[in-house]
1. Report yes if residue 204 is crowded, with 16+ Cβ neighbours inside 10 Å, in the same structural domain as residue 42 (by the TED database) and under 18 Å from the mean Cα position of the chain (by Cα), otherwise no.
2. Does residue 303 satisfy the criteria of being loosely packed, with under 15 Cβ neighbours inside 10 Å, free of Cβ contacts under 8 Å to residues at least 12 places away in the same chain and outside any helix (DSSP H, G or I)?
3. Among the residues of the stretch 270-286, write down those that are on the phi < 0 side of the Ramachandran plot and in a loop (DSSP other than H, G, I, E, B).
4. Please determine whether any residue of the stretch 170-178 is modelled with pLDDT of 95 or more, within 30 Å of residue 117 (Cα to Cα), in a loop (DSSP other than H, G, I, E, B) and more than 11 Å from the chain's Cα centre (by Cα).
5. Take the stretch 69-83 and flag every residue that is under 18 Å from residue 33 (Cβ atoms), in contact with a helix residue (DSSP H, G or I) (Cβ under 6 Å, 6 or more places away or on another chain) and not in a helix (DSSP H, G or I).
6. Scanning the stretch 146-169 for residues that are in a loop (DSSP other than H, G, I, E, B) and out of contact with any helix residue (DSSP H, G or I) (no Cβ under 6 Å at 6 or more places or on another chain), which turns out nearest to residue 219 (Cα to Cα)?
7. Is there a residue in the stretch 140-154 that is within 27 Å of residue 238 (Cα to Cα), free of Cβ contacts under 8 Å to residues at least 40 places away in the same chain and surrounded by fewer than 20 Cβ atoms within 10 Å (Cβ to Cβ)?
8. Select, from 100, 53, 106, the only residue that is at pLDDT 90 or above and either out of contact with any strand residue (DSSP E or B) (no Cβ under 8 Å at 6 or more places or on another chain) or part of a strand (DSSP E or B) (or both).
């Protein structure tokens with residue numbers, strides 16, 4: 001009986017197939033960053049930053065990472081990838097990619113999905129890669145190789161992650177933008193970076209956030225505190241949200257400003273329907289903040305706190321309404337108001353041409369600021 005079981009198991013093992021789809025890491029050329037640009041003849045230029053190991057004179061002790069740049073031109077991303085495969089000694093492997101930088105001209109003139117189609121179809125694609133818009137040509141940014149002592153892909157990734165934690169840019173990846181570019185009720189906002197001269201060297205700076213309408217970049221960029229206010233409006237505050245606001249314009253220069261950090265925010269949005277199809281929106285925001293810098297001092301005085309609360313509320317209300325005007329001018333519904341209409345007022349949504357309606361609907365915001373902490377000194 002035991003022999004029969006043994007022979008049955010043996011025959012079963014022999015019948016099993018091996019791992020036919022293995023992709024050994026030793027044969028892979030790992031891509032850690034990539035850029036896409038539009039050429040003069042309307043083709044796509046892809047630049048891949050491939051990680052390579054460079055050994056020193058003492059063997060493994062001095063091995064260090066280095067970038068190898070591979071470029072190819074084609075009608076689609078797949079075209080360029082096939083061309084790059086011919087240029088690499090190993091297999092093109094995008095599964096470790098962390099950064100995708102899209103050139104400004106390409107983002108303005110081409111839809112996102114046709115560009116990214118291969119990324120959603122290929123199971124090896126890195127869906128967690130950050131998607132960024134680059135001022136000018138994107139390959140000029142990724143070909144910097146090093147930023148200071150850090151490889152360019154690592155530097156951009158850390159820069160974007162830090163900006164996310166400080167509520168300066170939204171947290172967006174290849175995976176997260178997919179649903180938004182197909183949703184008629186919301187638009188997209190992506191980090192916007194540029195290459196800057198720094199003496200004899202170059203650096204990378206986050207200029208602001210690029211506003212999209214459907215799948216195209218509108219050319220409008222939110223700068224300064226505007227992206228943070230928009231993220232707060234959207235109830236997407238991350239770890240920090242800080243503002244430096246002029247509250248004493250007539251005082252000496254060093255005493256004119258207060259810097260606050262939003263500790264807790266509450267957003268109440270109300271969509272109103274008038275006459276069966278006319279839409280208006282009100283936002284009420286409550287910010288509990290910490291005064292992290294106020295050179296004028298006197299924060300021990302309740303009257304000073306009350307006065308500052310009023311000044312901060314007025315200033316941030318004006319700034320928030322200015323941000324709303326900017327996204328309406330860009331026709332970029334990054335607040336997903338259309339999505340709310342689809343969900344809660346579907347009959348009204350069916351009557352609207354949202355592309356024409358969104359820039360003109362009345363949207364008002366009111367901000368109420370309360371200082372709840374002043375640090376370890378009054």
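1. yes
2. Taking the combined requirement at face value, the residue does not satisfy it.
3. Across the stretch 270-286, the qualifying residue is only 277.
4. no
5. 70, 72
6. Only one residue fits best here, namely 166.
7. Checked the stretch 140-154: at least one residue is within 27 Å of residue 238 (Cα to Cα), free of Cβ contacts under 8 Å to residues at least 40 places away in the same chain and surrounded by fewer than 20 Cβ atoms within 10 Å (Cβ to Cβ).
8. 100
The values are calculated or read from the model by the stated rules, or taken from the named source; none is laboratory data. Keep in mind that this is a model prediction, so the values were computed, not measured. For neighbour counting, all protein chains shown are included, and Cβ atoms are generated from backbone atoms with ideal geometry for every residue, glycine included.
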